[in-house]
Amino acid sequence: MLNELFQVQDGTVLVPGRSPVDLSRWKEYFIAHEIAHQWWGQAVTWKTYHDHWLSEGLAQFGAVQYLRQKHGDEVLETIFRKFSRWTEKKSKWGPIILGGRLTLQDPLAYQAIIYNKTTLALNMLMDLLGEESFYQVLKEFFRRHKYSAASTQDFIQTIEEISGKNLDVFFQGWFGSYSLPEVNVSHSVKKDNGGYTLSLKIDQREAFIFPLWIEWIENGEKVKKMVIVDEINEEFEIKLEGKPTKIKINPNSAVPGKFH
């Protein structure tokens, strides 16, 4: 709720600018978040404290997507960087499914994890499924559970039925664990057959599934490409016409964690 953005149940005041969820530089944010609660939190509510994210997380995701549509991808990238910073600061206090009990450890942890980490996780899920399929999931989930209480497992079931994908590992990593990815990424560029090959080698400490964006400059233009990381150790090759320069991995911090 809107007042929760500034004061939590124990009376702690969250000073704008130093709160995980403060996006007041975009005045539409507060209204967008509260309007989103008509769907997530009111029409569809949560069964237990494990499922709080179905209200605040989905509302936060909706508000951020509204800002993206109104202001463009650069605003989204700025927000993701902020959300990742706060997620990395507070993740140690517990996973998304700890819900409201996160406030017992740190008043800011609830917002950093339930609002912000959930938004990042849902955005990753949208990248993995594709935008059209992801919004089909939301529509169907809403249809099934309108005017009732839903659970995390209900959400997973809807996704798996529509996408045909088994997402247990994804949800365990991003919703059930407090850990974040620790990833070593090395890359090299080789000229071949009139073009270039950008090779990536990825080594994770734990097995997380996530979409990883790579950005570079090619022929004077910025280029972005996504690869899906779903193994502890993986290698990718990207064929290019021009030589890539200024290569960046996870450039907008859409995936929280440590990338070396």
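The values are calculated or read from the model by the stated rules, or taken from the named source; none is laboratory data. Computed from a predicted structure; not experimentally measured. Please note: Cβ atoms are built from the backbone with ideal geometry, for glycine as well, and neighbour counts cover all protein chains shown.
Scanning the range 158-186 for residues that are part of a loop (DSSP other than H, G, I, E, B) and either of a type in the set (A, V, I, L, M, F, W, C) or free of Cβ contacts under 8 Å to residues at least 24 places away in the same chain (or both) gives 164, 166, 167, 175, 180.
Please verify whether residue 55 is assigned by TED's automatic domain parsing to the domain that holds residue 153, buried (at least 20 other Cβ atoms within 10 Å of the Cβ), at pLDDT 95 or above and farther than 19 Å from residue 155 by Cα, treating the condition exactly as stated. Against the criterion (assigned by TED's automatic domain parsing to the domain that holds residue 153, buried (at least 20 other Cβ atoms within 10 Å of the Cβ), at pLDDT 95 or above and farther than 19 Å from residue 155 by Cα), residue 55 does not qualify. Within the range 199-210, the residues that satisfy the criterion of being surrounded by 15 or more Cβ atoms within 10 Å (Cβ to Cβ) and in a loop (DSSP other than H, G, I, E, B) are 208, 209. Take residue 177 and tell me if it is more than 24 Å from residue 85 (Cβ to Cβ) and among the hydroxyl-bearing types (Ser, Thr, Tyr). Considered against the rule, which asks whether it is more than 24 Å from residue 85 (Cβ to Cβ) and among the hydroxyl-bearing types (Ser, Thr, Tyr), residue 177 comes out as no.
Listed conditions (1) assigned to a loop (DSSP other than H, G, I, E, B); (2) outside the structural domain of residue 37 (by TED's automatic domain parsing); (3) closer than 22 Å to residue 125 by Cβ; (4) of a type in the set (Lys, Arg) are all met by residue 225, apart from (1). Residues in the range 196-219 that are at pLDDT 95 or above and among the small types (Gly, Ala, Ser): 1 in all. Looking only at the range 108-143, which residues are farther than 13 Å from residue 80 by Cα and among the charged types (D, E, K, R)? Scanning the range 108-143 gives 127, 131, 132, 139, 140, 143.
If the condition is being surrounded by fewer than 16 Cβ atoms within 10 Å (Cβ to Cβ) and either outside any strand (DSSP E or B) or without any contact (Cβ under 8 Å) to a residue 12 or more places away in the chain (or both), then the range 238-250 contributes 241, 242, 243.
Can you find a residue that is within 18 Å of residue 253 (Cα to Cα), within 15 Å of the chain's Cα centre (by Cα) and not polar (S, T, N, Q) anywhere in the range 179-199? There is at least one residue in the range 179-199 that is within 18 Å of residue 253 (Cα to Cα), within 15 Å of the chain's Cα centre (by Cα) and not polar (S, T, N, Q). Of all residues in the range 134-157, those that are crowded, with 16+ Cβ neighbours inside 10 Å and assigned to a helix (DSSP H, G or I) total 11.
Table: residues versus (1) closer than 26 Å to residue 50 by Cβ; (2) exposed (fewer than 14 other Cβ atoms within 10 Å of the Cβ); (3) touching a Lys or Arg at 6+ places or on another chain (Cβ under 8 Å).
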position	(1), (2), (3)
178	yes, no, yes
192	no, yes, no
197	no, no, yes
212	no, no, no
230	yes, no, no
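Cβ separations smaller than 7 Å between residues 6+ apart or across chains give the following pairs from the range 17-40 residues that are among the hydroxyl-bearing types (Ser, Thr, Tyr) to residues that are surrounded by fewer than 16 Cβ atoms within 10 Å (Cβ to Cβ): 24/16.
The C-beta contact set for the range 95-113 (first residue on the phi > 0 side of the Ramachandran plot, second residue assigned to a helix (DSSP H, G or I) and surrounded by fewer than 18 Cβ atoms within 10 Å (Cβ to Cβ), distance under 8 angstrom, 6+ apart or interchain) comprises 99/49. Residue count for the range 1-52 satisfying the condition of being modelled with pLDDT under 95, among the hydrophobic types (A, V, I, L, M, F, W, C), loosely packed, with under 14 Cβ neighbours inside 10 Å and touching a helix residue (DSSP H, G or I) at 6+ places or on another chain (Cβ under 8 Å): 2. Taking the criterion of being under 19 Å from residue 233 (Cα atoms) and of a type in the set (Ser, Thr, Tyr), the only residue of the range 193-207 that qualifies is 199.
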